[in-house]
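Derivation of every value follows stated rules applied to the coordinates shown; laboratory data play no part. Keep in mind that this is a model prediction, so the values were computed, not measured. Cβ placement follows ideal geometry from the backbone for every residue including glycine, while neighbour counts extend to all protein chains displayed.
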Amino acid sequence: MEAKHAATLPDGADWLYEPKWDGFRAIVYRDGDAIEILSKSGKTLARYFPEIVAQLGATPTTHYILDGEIILPIGGVLAFDALQQRLHPAPSRIARLSVETPAQLMLFDCLALDDAIFLKEPLASRRAALERFHQQNGGPALLLSPFSDEPAVGEAWLAGSGGALDGVVAKRASDPYQPGERAMLKVKVHRSADCVVAGLRRTAEGGAIASLLLGLYDDAGKLNHVGFTSGIKAADQADLEQRVGRYLGGAGFSGKAPGGPSRWSNGRESAWEPLDPRLVVEVLYDQVTGDRFRHGTRILRWRPDKAPRQCTMEQLVQEVRPAQLLNFGSLRDRSNDAALRT
């Protein structure tokens, strides 16, 4: 079951709210000795997370189907870049990382347990079954995600999540599980940052500006490439060309610089052109991975009132500790706390 995006959380007696953890969505299956972990696309994840497979294989309950999110805390903070590194073909590397940086499964739904199938049961019943499962089988790699029926708690998760969450999900307590349907709502976490425009890319076809390249200053005073903003409308091209034209051929980035054509462009963009780093723009972003915006950003407004040197890396909101995040919830499972602090 998937989610469709919403601008705000719904309010009403039948809604339940859950954190949308920043990880890999996964459904786990155990049928006796047979264990599988599948991604949303139906590809196996089991070989990449042997520590989770081992935890599933050690549960006293031997027949179940559960829905959840694979997360990877390092020092109590979720590390999405470390999670991505686990998708590696070398078995030796997978085995090493599974010990050095073990992942966890944050459970939030139960589709089957023992001989009972819960697909057509309401969420309230599925949640009760999930809590029974976790009480009997929970461990360092099997955690129970909190939920609440209070909109204020959902809003608190959004406001105080840092980068630990991808957003907050709202589900109807009376709804069955609906595979393949966008039957729940997700409000994404968004933040803003003031960035220096230090380069641009043009479309290969017509030479129009396809994206602006963004930078932030580090403690050493170096301007590092942190991401891009695109989706520039044709009607805005003339104004944008006039705004950036005077700065073409400038110094660009003094620290980490962009590479070749953007990986989001499928080779349709040319190499980047440097700009004199004088323009400042406020952009909307969702997540940060390794001191970069994970996805493309959206322009909110230009900031002629702000000096480029004021645009520093300190603006980037890094991950809050999940154990802290759980404290926002009024309904929570305290057995998770120690595991999330590891």
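So here's what we get for this one:
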read-out	value
Added length on full extension, which subtracts the Cα-Cα distance from 0.36 nm per residue, Glu155 to Ala235	25.2 nm
Förster radius 30 Å - calculated FRET efficiency between Asp14 and His295, Cβ distance, rounded to 0.05	0.40
Protection proxy ranking, peptides 44-52, 56-64, average beta carbon neighbours within 10 Å, highest first	44-52, 56-64
Three-way shape label, region 130-216, alpha-carbon gyration tensor, a/c 1.5	prolate
Choice from Ala208, Ala90, Ala183 showing the highest fluctuation, given a GNM over the chain with Cα pairs closer than 10 Å	Ala90
Mean residue ellipticity (222 nm) of the chain, computed from DSSP H runs ≥ 4 via -39,500 (n - 2.57), nearest 500	-5500 deg cm²/dmol
Net lengthening on full extension, Val99/Asp114 (0.36 nm per residue, minus Cα-Cα)	2.4 nm
Tensor-based shape of region 1-116 (alpha-carbon gyration tensor, a/c under 1.5 rounded, otherwise prolate or oblate)	oblate
Residues with amide H under 5 Å from that of Arg202, placed H, sequence gap 5 or more	Ala210, Ser270
Phi-based couplings in Hz for region 88-97 (Karplus 6.51, -1.76, 1.60; Gly and Pro marked x)	10, x, 7, x, 5, 5, 4, 4, 5, 5
0 to 90° range, to nearest 10: angle between helix 151-160 axis and the chain longest Cα axis	50 degrees
FRET E, pair Asp31, Arg132, Förster distance 25 Å, beta-carbon r, rounded to 0.05	0.85
Selection of trypsin sites (Lys or Arg not before Pro), region 193-246, meeting DSSP coil and at most 10 other Cβ within 10 Å	Lys233
Two-site label geometry, Arg278 and Ala54: point separation in nm, points 7 Å out along Cα→Cβ	5.9 nm
Rounded, prolate or oblate (a/c below 1.5 giving rounded, otherwise prolate when a/b exceeds b/c) for region 191-315 by Cα gyration tensor	rounded
